[in-house]
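Novice: Please see the structure below; I have some questions.
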Amino acid sequence: MGDSGSGLRAFLSELQRRRVFRVAAFYAIASFAVLQVGEIVFPALKFPEWSLTLVVTLIFLGFPVALALAWAFDLTPRGVVRTEPQADDALSSQHSRTPALIAVGVVSLLTVAVGWYVLPS
């Protein structure tokens, strides 16, 4: 049981090191701003009613993509580079990849559920 907690702690530490939480927070703030502007501007421009629904759907679909890119790549003064794992990376063993796979599954299921709810049937 203690090993599971340390694996989760290592996974959360790796998410923080790769700045995934920062990207998620920035994405949420930028999405909120886009939705607020869209809610004001779309009716003034006489866009169809479904256009704001399209924006919301694209935002939800883009969230897991942004998190995956934040995990894989890092923005440095040299440009965008692939994030290297730590030398003493605890996530290298198969056992400690379980939290990562669970997180990917949960985010994927939430994205599909929101898309199912938002898209007209």
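The values are calculated or read from the model by the stated rules, or taken from the named source; none is laboratory data. A quick note: this is a predicted structure, and the numbers were derived from the prediction, not measured. Cβ sites come from the backbone with ideal geometry, for glycine too, and all protein chains shown count toward neighbours. Accessible surface areas use protein heavy atoms only, side chains included; no ligands, DNA or RNA. Shrake-Rupley method; radii C 1.70, N 1.55, O 1.52, S 1.80 Å.
Novice: Among all residue pairs at least 6 apart or on different chains, which show Cβ distances below 9 Å where the first residue, located in the range 1-17, is under 18 Å from D74 (Cβ atoms) and of a type in the set (S, T, N, Q) and the second is at pLDDT 80 or above and open to solvent by 60 Å² or more (accessible area, probe 1.4 Å)?
Specialist: Listed pairs, sorted by first residue: Q16/R22.
Novice: While we're looking at this one, here's another question. In the range 1-58, what residues are among the polar types (S, T, N, Q) and within 30 Å of E84 (Cβ to Cβ)?
Specialist: Residues satisfying the conditions are S4, S6, S13, Q16, S31.
Novice: For the range 32-68, how many residues are within 30 Å of R17 (Cα to Cα), hydrophobic (A, V, I, L, M, F, W, C) and in contact (Cβ under 8 Å) with a residue 40 or more places away in the chain? Outline the logic, then answer.
Specialist: As a first pass, look at the range 32-68 and keep what is within 30 Å of R17 (Cα to Cα): 32-35, 56-68.
Keeping just the survivors that are hydrophobic (A, V, I, L, M, F, W, C) gives 32-35, 56, 58-61, 63, 65-68.
Among the residues that remain, those that are also in contact (Cβ under 8 Å) with a residue 40 or more places away in the chain are: 56, 60-61, 63, 66-67.
Within the range 32-68, residues that are within 30 Å of R17 (Cα to Cα), hydrophobic (A, V, I, L, M, F, W, C) and in contact (Cβ under 8 Å) with a residue 40 or more places away in the chain number 6.
Novice: Taking the range 32-74, which residues are β-branched (V, I, T) and either in contact with a helix residue (DSSP H, G or I) (Cβ under 8 Å, 6 or more places away or on another chain) or not in a helix (DSSP H, G or I) (or both)?
Specialist: The answer is V34, T53, V55, V56, T57, I59.
Novice: Which residues, taken from the range 20-40, are under 18 Å from T57 (Cβ atoms) and of a type outside the set (D, E, K, R)?
Specialist: Hits for the range 20-40 are Y27, A28, A30, S31, F32, A33, V34, L35, Q36, V37, G38.
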